[in-house]
1. For SER77, work out the one condition from (1) touching a helix residue (DSSP H, G or I) at 6+ places or on another chain (Cβ under 8 Å); (2) under 26 Å from VAL164 (Cα atoms); (3) modelled with pLDDT under 80 it doesn't fulfil.
2. May I ask you to list the residues in the stretch 184-204 that are among the β-branched types (Val, Ile, Thr) and over 22 Å from ARG152 (Cα atoms)?
3. Scan the stretch 48-74 for residues that are in a helix (DSSP H, G or I) and modelled with pLDDT under 65 and jot them down.
4. Taking only the stretch 7-43 into account, find how many residues are outside any helix (DSSP H, G or I) and hydroxyl-bearing (Ser, Thr, Tyr).
5. What pairs come up if the first residue lies in the stretch 183-204 and is surrounded by 15 or more Cβ atoms within 10 Å (Cβ to Cβ), the second is assigned to a strand (DSSP E or B) and small (Gly, Ala, Ser), and their beta carbons are under 6 Å apart, counting only those six or more places apart or on different chains?
6. When the residues of the stretch 1-45 are narrowed to those that are more than 26 Å from ASP206 (Cβ to Cβ) and of a type in the set (Lys, Arg), which ends up modelled with the lowest pLDDT?
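The values are calculated or read from the model by the stated rules, or taken from the named source; none is laboratory data. In this text the structure is predicted, and so the values were computed from the model without any measurement. Don't worry about glycine lacking a Cβ; one is built from the backbone with ideal geometry, like all the others, and counts go over all protein chains shown.
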Amino acid sequence: MARTTKVVGFSLPPEIHAKIESFIKSKHKTRSEFFRELIDLYFTTAQQMTNQEPSGELDLRQPDLAKILRSYWLAKSQSNLKIIITGLAIIGNSQNQVLIASRKHPDEIIENLTWSFPGGRLTTLEFATELKQRVKEATNLDVSVNNLIAARVFPDSTLHDVQVITLYFDCRAQSGYRLRQARDYDDLKWVKPLDVFRYFTSSTSDEVARFLAMLQQA
């Protein structure tokens, strides 16, 4: 009789393996039962998050913002890491395409970075204004900045004393634009949203992947 299941193998750090084995033993489950339930939970959660429509709005008052800024300052001042905040613009056009850029030179921090969304370092708290300037300098595009799609610590940094926090923004190209790449970029290209993964060699976040999938289906 033909086998109806597939065998999947993967490696884990010893400490993670020990935690999993201890948990499985405490729940009186087999490894197969544990991983099947884990995979089912992942797909269920991912589907629920895909179906949710984020409003992009938070009910924040001035005291809340003050606490956030204070926490940011304390975290940054007490860390030995150099914190770099970058903003990336996922720019859509009227043909339902997004803009990606090819770097002319290797990045000094993200070694495997080749293609990416346009953007750059943000040095003030005026994220939208500064991102518009970076995009204009890099592509000659005027864009509107809509919502923040994702914020994450970029895991691909090759420097141990540097932490890169990347903010991904939903942007829209204004009419009457003409592309012109800056000296840092070798090429600019409009592609279908999910085609970006044919070009990117560095990682991105689940939120960005879901956002691109939503654009592709629109």
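1. Condition (1) is where SER77 drops out.
2. If the condition is that a residue be among the β-branched types (Val, Ile, Thr) and over 22 Å from ARG152 (Cα atoms), then VAL191 is the only one that fits.
3. Quick first cut of the stretch 48-74, residues in a helix (DSSP H, G or I) only: 48-51, 62-74.
Result: GLN48, MET49, THR50, ASN51, GLN62.
4. The total comes to 2.
5. Going by the 6 Å Cβ cut-off, the qualifying pairs are TYR185/ALA101; LEU188/ALA101.
6. ARG3
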